[in-house]
1. How much length would be gained if the chain were fully extended between LYS30 and ARG78, taking 0.36 nm per residue of separation minus their Cα-Cα distance, in nm to one decimal?
2. Return, ordered by residue number, the residues of the range 52-88 whose backbone nitrogen is under 19 Å from a label point located 7 Å along Cα→Cβ of ARG10.
3. In whole Hz and in residue order, list the ³J(HN,Hα) couplings for the range 34-39 that follow from phi through the Karplus curve 6.51 cos²θ - 1.76 cosθ + 1.60, θ = phi - 60°; x for Gly and Pro.
4. Counting only residues 5 or more places away or on other chains, whose amide H sits under 5 Å from the amide H of TRP165 once H atoms are built in the peptide plane?
5. Which is farthest toward the positive dipole end of the range 6-134 among GLN35, HIS96, PRO15, measuring Cα position about the Cα centre, with Cβ charges +1 (Lys, Arg) and -1 (Asp, Glu)?
6. Would you kindly compute the Cα radius of gyration of the chain and its largest Cα-Cα separation (Dmax), both in Å?
7. Could you pull out every residue, at least 5 positions away or on a different chain, whose amide H is within less than 5 Å of the one on ARG40? Hs are placed 1.01 Å off N in the peptide plane, and Pro or chain starts have none.
8. Report the residue, chosen from ARG163, ARG128, ARG57, that carries the largest GNM mean-square fluctuation when the chain is represented by alpha-carbon nodes joined by springs under 10 Å.
Amino acid sequence: MKRLEVRTRRLILRPLMPSDYTAWSDAYTKGLPQQNKWDRDPYDPKKWNRKWFNTMRREHERLAQADDYYRYYVFEKRSGALIGQIDFNIFVRDTHQFANFGYQIFNRHWGHGYGREAAKAGLKIGFRQLKLNRLEAAINLDNRKSVRLAKLIGMRREGIKKRYWFEFGQWTDHLIYVANPEDIGLKARAPQC
Ligand SMILES: CC(C)(COP(=O)(O)OP(=O)(O)OC[C@H]1O[C@@H](n2cnc3c(N)ncnc32)[C@H](O)[C@@H]1OP(=O)(O)O)[C@@H](O)C(=O)NCCC(=O)NCCS
């Protein structure tokens, strides 16, 4: 699956390149302390070193080549800083063209509309580049920021999947927000399988 760089007003979304090491290291190891339950403390720079960067980048390339998983990194045009990521975990191709859609902005950059801008671009990437027909965001019942964002970019609440995701040491229920191409003004296409 050919992946292209996508530009929005303030952001660039693209796979990681070897030259991104400094921006990547800065993003993951120099953030603010964990701000809420869904956030993370900065990672240990001793572990998140160049060797880890290369291993992870190669692994993401392999997963994308296998059409299993795609991650796009979000760069701020103005500063070149890596400020977040979106990802697509392909669940079923064939007659469903269905992926889980995730988004994250690193905590130093919250509250500037970047989450909204990146996730909106993510829907277009999912439908146009990755040729998906169904993008599902699975959101913790009490993650209000994420619910607001999903609604703002045009995703529809479909319901609650019970005991859907293993996290925080238990199987947890999740709100399911969904988008199809028609929800953002694109034409649905038949699967090419
Ligand atoms: C959820 C998350 C992606 C939101 O990222 P964000 O960049 O802060 O989101 P935005 O800035 O687009 O929106 C946050 C607020 O800033 C406001 N905002 C500030 N400046 C803005 C601007 N210039 N343009 C648009 N909105 C702006 C938004 O209106 C919004 O207000 P609200 O919370 O009252 O609705 C981020 O908090 C995150 O990564 N959390 C941890 C991981 C997570 O929960 N991921 C989702 C898992 S399902």
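Please treat every number below as a calculation from the coordinates, not as lab data. Computed from a predicted structure; not experimentally measured. Reconstructed Cβ throughout: ideal geometry from the backbone, glycine too, with neighbour counts over all protein chains shown.
1. On the way: separation 48, 0.36 × 48 = 17.28 nm, distance 1.90 nm.
Here the segment from LYS30 to ARG78 would lengthen by 15.4 nm.
2. Counting backbone N atoms under 19 Å from the label point, the list is 73-86.
3. 3, 9, 7, 4, 9, 9
4. For TRP165, whose amide H was placed from the backbone, the distant partners under 5 Å are THR172.
5. Going by the Cα projections, it comes out as PRO15.
6. 16.5, 47
7. It is GLN35, by chain and number.
8. ARG163
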